[in-house]
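Visitor: Could you have a look at this structure, given as structure tokens, before my questions?
Values quoted throughout were computed directly from the atomic coordinates according to the rules given, and no laboratory measurement underlies them. Here the structure is a predicted model, which means the values were calculated and not measured. No Cβ is skipped: glycine too gets one built from the backbone with ideal geometry, and neighbour counts run over all protein chains shown.
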Amino acid sequence: MAKNSLLDIKRSLEAHVGSKIRLRANGGRRKTIERTGTLEEIYPSVFIVKLDEEQHAFKRVSYSYADILTESVEVTVCNDEGQVRIAHMQQ
């Protein structure tokens with residue numbers, strides 16, 4: 001069942017390649033890291049985000065689909081219609 005959930009997360013992200021996104025990641029020790037950038041590429045196990053240059057020291061970051069499944073990372077897609085949250089849906 002977890003493999004299907006990971007595949008569902010990957011498919012939902014594939015539809016937003018090239019879109020502006022906002023990431024909220026667990027930084028450990030009660031820290032939350034917020035980053036904005038563009039969803040650049042999708043791979044079988046990870047996705048790559050190109051960060052906005054003026055805000056961050058790094059150019060790109062990668063996260064696994066399992067990070068979204070375990071709620072270590074929250075991805076919000078910012079599009080013209082509003083914001084769409086990509087998350088694992090409990091059944």
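Visitor: Using θ = phi - 60° and the Karplus relation 6.51 cos²θ - 1.76 cosθ + 1.60, list the HN-Hα couplings for region 21-31 in order, rounded to whole Hz, with x at every Gly or Pro.
Guide: 9, 10, 10, 10, 10, 6, x, x, 6, 6, 9
Visitor: With r as the distance between the Cβ atoms of Asn4 and Lys50 and R0 = 35 Å, compute the FRET efficiency 1/(1 + (r/R0)^6) and round to 0.05. Working shown, then result.
Guide: On the way: r = 29 Å, r/R0 = 0.82.
Computed FRET efficiency for Lys50 and Asn4: 0.75.
Visitor: Just need log10 I(q)/I(0) for region 1-46 at q = 0.32 Å⁻¹, Debye formula, equal scatterers on the alpha-carbon atoms, no solvent, rounded to two decimals.
Guide: -1.05
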